[in-house]
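Trainee: The structure is given below, and queries will be raised subsequently.
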Amino acid sequence: MRVVGIETEYGIVDPDEPRANPILLSSRLVAACRGWAGRTARWDYGGEDPLQDQRGFRRSRLGATPDLLTDAPEFDEAAGHVTLRRRRGSWEDPAHLNAVLPNGARFYVDHAHPEYSGPEVTNALDAVIWDRAGDAIALAAAARYAADEDSRVELYKNNVDGKGASYGTHENFLVDRATPFDDLARRLTSHLVTRQVFAGAGRVGLGQFGEAPGFQMSQRADYIEAEVGLETTLRRPIVNTRDEPHATRDRYRRLHVILGDANLFDVATYLKIGTTSLVLTAIEAEDERLDTLELAAPVEAVQAVSRDLGLRARLPLVSGEDATALQIQRALLEICRTYARDAGDAAVIARWEAVLERLSTDVFSAAREVEWVAKLQLMGRMRARHASTTLPDGLPWDDARLAAMDVQWSRLGDGLAQRLAVAGAVERLASDAEVARAVSGAPQDTRARLRGGIVAARPELVDAAGWSTVVLDRETDHGHLEVVHLDEPLAAAHPLLDALIDG
């Protein structure tokens, strides 16, 4: 089993005060989430190491941009700047910026956005379930915010604000440390670049500021500027090099993928996670067939694929040949058949093959599964309704109504994507009942069970928690905090924590 997880930064706005400070809105939303959840814990930054690079060096703290310093942030609401606060012998942020939830997830302020970091799961379907649980939690926090405050917030599950800013939806995959990082990056890149054909969320506008009219598959494509790198907000890379495994370092790497879109369609999320996990298995097996798919110009290919709505663009390969994104995906599918180890992997392979077949024969036949296709189809109908003698093709792509429609697609709760789902036009892989259980319950086959379980059962004992730690304050005779280390993500049992949970 491969441990995976998804992090989502939500767009946030006060519809009655569009100029409201998003950092302040986000911090108040997290406070509302803590009030809604009832049982939460603070975040333990003891295991954070954001400046270590997988290429074998450490970035100087003096030369790091603020977005990289994720190991000890604290926003002082009154002062309006970042400070540090000491509590019980450890540096940590104030409670209102973080909430470790009973389902094992973390809900917190990341720069100017509220972020839901889902718990560790071991398969693509569970990734879908706990990702949708994050949307439900964010909506519940927004409802509590409206009840507590004399205002309201709206949340958007997208990656662009239409004004040049982009925020992330990151995936995390635990991989074998024995696999050389250079091989990992080189062999994975072609998949990350071309999987947009089924994982893109769709976007109106071309360029970082949407300065050119048009429609493209991916919201993140125009913000990718490097092949590899440590940054996440500047010179964003295809392959991120942060070496922060949150697990036994000599055994695991955590691959932090930052170029993916926020998806509201189950199948897109499912394939994004499932196919990437299978490709990583092929890389760990040192499958040399992957070398024939190496792209000659990966960064340029990201944008080329995103704008190729006909799926015909030829991408140059290092070998001197070229291939379309669909051809590369079909080749990866055939390689990955070798590594399907259980029924879950077989289901991913079957879905992967079926979606690629639909995209190759009639793009719009995949509208129930592929988000960018559904968005393009809906917008095509909107454009056609306004066709006239002066506008024979209907609304132009730079019409403000289409830009507004793009934003409203991703609004949590009642956006256009949600309306399609309610109407039965979107294929769901997870039931509402499964998602509801995941809102308050953690996965049972990873250490998230312990983190969420102790927060749910004994919050009065939990001083803080992190991905690989639970910090207990049991007021024992020695008078010190106890740090319980959970370095093995697949260890879902622990004698002390289980005893406390059961007790």
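Trainee: When the residues of region 230-265 are filtered to those that are β-branched (Val, Ile, Thr) and touching a helix residue (DSSP H, G or I) at 6+ places or on another chain (Cβ under 9 Å), which remaining residue is surrounded by the most Cβ atoms within 10 Å (Cβ to Cβ)?
Mentor: Ile238
Trainee: Any residue that is within 22 Å of the chain's Cα centre (by Cα) and under 22 Å from Asp345 (Cα atoms) - is there at least one of those in region 228-250?
Mentor: no
Trainee: Turning to a different aspect of this structure: Go through the residues of region 299-320 one by one and say whether even a single one is closer than 22 Å to Arg220 by Cα, in contact with a Lys or Arg (Cβ under 7 Å, 6 or more places away or on another chain) and without any contact (Cβ under 8 Å) to a residue 60 or more places away in the chain.
Mentor: Within region 299-320 (the criterion being closer than 22 Å to Arg220 by Cα, in contact with a Lys or Arg (Cβ under 7 Å, 6 or more places away or on another chain) and without any contact (Cβ under 8 Å) to a residue 60 or more places away in the chain), the answer is no, since none of the residues qualifies.
Trainee: Something else: Please work out which residue is farthest from Gln208 (Cα to Cα), limiting yourself to region 300-334 and to residues that are surrounded by 18 or more Cβ atoms within 10 Å (Cβ to Cβ) and of a type in the set (Val, Ile, Thr).
Mentor: In this case the residue turns out to be Ile328.
Trainee: Just to be sure, is Gly424 free of Cβ contacts under 8 Å to residues at least 12 places away in the same chain and not hydroxyl-bearing (Ser, Thr, Tyr)?
Mentor: Yes: the conditions hold for Gly424.
Trainee: Which of the residues that make up region 161-198 are assigned to a strand (DSSP E or B) and within 16 Å of the chain's Cα centre (by Cα)?
Mentor: Residues satisfying the conditions are Ser166, Thr169, His170, Glu171, Asn172, Phe173, Leu174.
Trainee: Asn158 fails exactly one of the following numbered conditions: (1) surrounded by fewer than 24 Cβ atoms within 10 Å (Cβ to Cβ); (2) outside any helix (DSSP H, G or I); (3) at pLDDT 95 or above. What is the number of that condition?
Mentor: (1)
Trainee: Another one. Go over the candidates Arg449, Arg474, Arg437, Arg419 one by one and state the one that is part of a loop (DSSP other than H, G, I, E, B) and among the basic types (Lys, Arg).
Mentor: Arg474
Trainee: Also, I was wondering about something else. Are there any pairs, at least 6 apart or on different chains, whose C-beta atoms fall under 6 Å, with the first in region 179-198 and touching a residue at least 60 places away in the same chain (Cβ under 8 Å) and assigned by TED's automatic domain parsing to the domain that holds Ala331 and the second among the acidic types (Asp, Glu) and assigned to a helix (DSSP H, G or I), and if so, which?
Mentor: Here the result reads Thr179/Glu284, each pair linking region 179-198 to a residue that is among the acidic types (Asp, Glu) and assigned to a helix (DSSP H, G or I).
Trainee: Anything in region 106-128 that is of a type in the set (Gly, Ala, Ser) and either modelled with pLDDT under 95 or part of a helix (DSSP H, G or I) (or both)? List them, or say none.
Mentor: Ala112, Ala124, Ala127 - these are the residues of region 106-128 that are of a type in the set (Gly, Ala, Ser) and either modelled with pLDDT under 95 or part of a helix (DSSP H, G or I) (or both).
Trainee: What pairs come up if the first residue lies in region 285-297 and is assigned by TED's automatic domain parsing to the domain that holds Arg337, the second is among the polar types (S, T, N, Q) and in a helix (DSSP H, G or I), and their beta carbons are under 6 Å apart, counting only those six or more places apart or on different chains?
Mentor: Pairs that qualify, where the first residue is assigned by TED's automatic domain parsing to the domain that holds Arg337 and the partner is among the polar types (S, T, N, Q) and in a helix (DSSP H, G or I), are Leu293/Ser190; Leu295/Ser190.
Trainee: Specify which of the listed residues (Ala221, Ala212, Ala268) is surrounded by fewer than 16 Cβ atoms within 10 Å (Cβ to Cβ) and on the phi < 0 side of the Ramachandran plot.
Mentor: Ala212
The values are calculated or read from the model by the stated rules, or taken from the named source; none is laboratory data. As the structure is a prediction and not an experimental result, all values here were calculated from the model. Because the Cβ atoms are built from the backbone with ideal geometry, glycine has one as well, and the counts that use them run over all protein chains shown.
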